[in-house]
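Contents: one structure, followed by commentary.
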Amino acid sequence: MQGMKTSNQPLISSYQTPTDTPGHNDSEACTTLYDHRKYAQVFMPLMYCIIFIVGLLGNSLALHVIWPNMKKINSTTLYSANLVISDILFTLSLPLRIIYYARGFHWTLGETLCKITGLIFYINTYAGVNFMTCLSVDRFIAVVLPLRFARFRKVSYVRYICIGVWLLVLMQTLPLLSMPMTNVEADDFITCMEYPNFENVPNIAHILIGAVFLGYGFPLVTILVCYSILCYKLRLSAKANHLTDKSGRSRKAIGVICCVSLVFVICYSPYHIDFLQYMIRKLIYTPDCAELTAFQISLHFTVCLMNLNSCLDPFIYFFACKGYKRKVMRFLKRQVSVSFSSAVRTSPEGSSKDILDGNKIHLNSSRWEPQVNSEK
């Protein structure tokens, strides 16, 4: 989380002087918080534009692949659909953030819209985390405990679990609406959803430490435990069955599992560890201006890394999901064929026979089928 604020409890700090002016934060006496604006307003919009374009296109294609299979719905399809929807909704919240960063942390759209975009941003970030966790547990039950807990993979159960996940994330993020999320800084620019705006929330350190464990720690442990046992079982299965071992399917499945786990750890760990270490320091002593500034700058980069997860998901789908890879390859071949035909038609040397022959050309890498059908 990058921001929160209340005005009824002053922070005891060597660098802050309390003020009663509405819309101003006590941390305004620390004047170095946004010294990196010039760099951030180039780097951050560029990063978020990439995340927006790749995430929206990739996840829309994933939804296009998953949606027809909703007729043959199962637990994996349902969790995957919810994960893809959360990623799409997340990317749709990015354009206003891109404008905000491009203007050098200046928000001109008012408090209400800041709260709405912040709520959408965090709901869909942590909905994605929770549905990734649900998918790991679902795969674990399917492979390791298929009989004992089979009822938890029934669609009737999974529907309620999905509703429960959305409600849980909503309850975690709704408190943001009760707090002012914008703040007028000393240079008259208005920040939105930045951590210093939340610095004076009572018990903020305890709240955020709890949020880190609930929103990141528990899902991380669950995913790593489930996938570790799953990999172990797949290796045992491959050793017991020489045909499975020769086909390489177990190795590829293990590779996909390791890739999913690695992406989760790399994307989410820096942001949450950053928060955790700073909040622990706040419990022990009052960090000075230099420490708050370093934390604020690091947040802007670690949150970019965390959000990169939504556009890495489609690449994982490509290697893990048979239907997704087939659709992508078919689309790319069609585009190449169309481009080739257009080039032949517009060529000044091209005769009518060349055109007819050109239209018969097919790029056949067609039977390239992925060997793994495990989901993220």
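The values are calculated or read from the model by the stated rules, or taken from the named source; none is laboratory data. Predicted, not measured: the structure shown is a model, and the values here were computed from it. Because the Cβ atoms are built from the backbone with ideal geometry, glycine has one as well, and the counts that use them run over all protein chains shown.
Quick notes on this one:
- Members of the stretch 160-171 that are touching a Phe, Trp or Tyr at 6+ places or on another chain (Cβ under 9 Å) and either more than 27 Å from residue 296 (Cβ to Cβ) or assigned to a loop (DSSP other than H, G, I, E, B) (or both): 161, 162, 165, 168
- Residues of the stretch 172-199 satisfying the condition of being buried (at least 18 other Cβ atoms within 10 Å of the Cβ) and in a loop (DSSP other than H, G, I, E, B): 180, 181, 185, 193, 194, 199
- The residues in the stretch 139-165 that are crowded, with 18+ Cβ neighbours inside 10 Å and modelled with pLDDT of 90 or more can be counted, and the count is 4.
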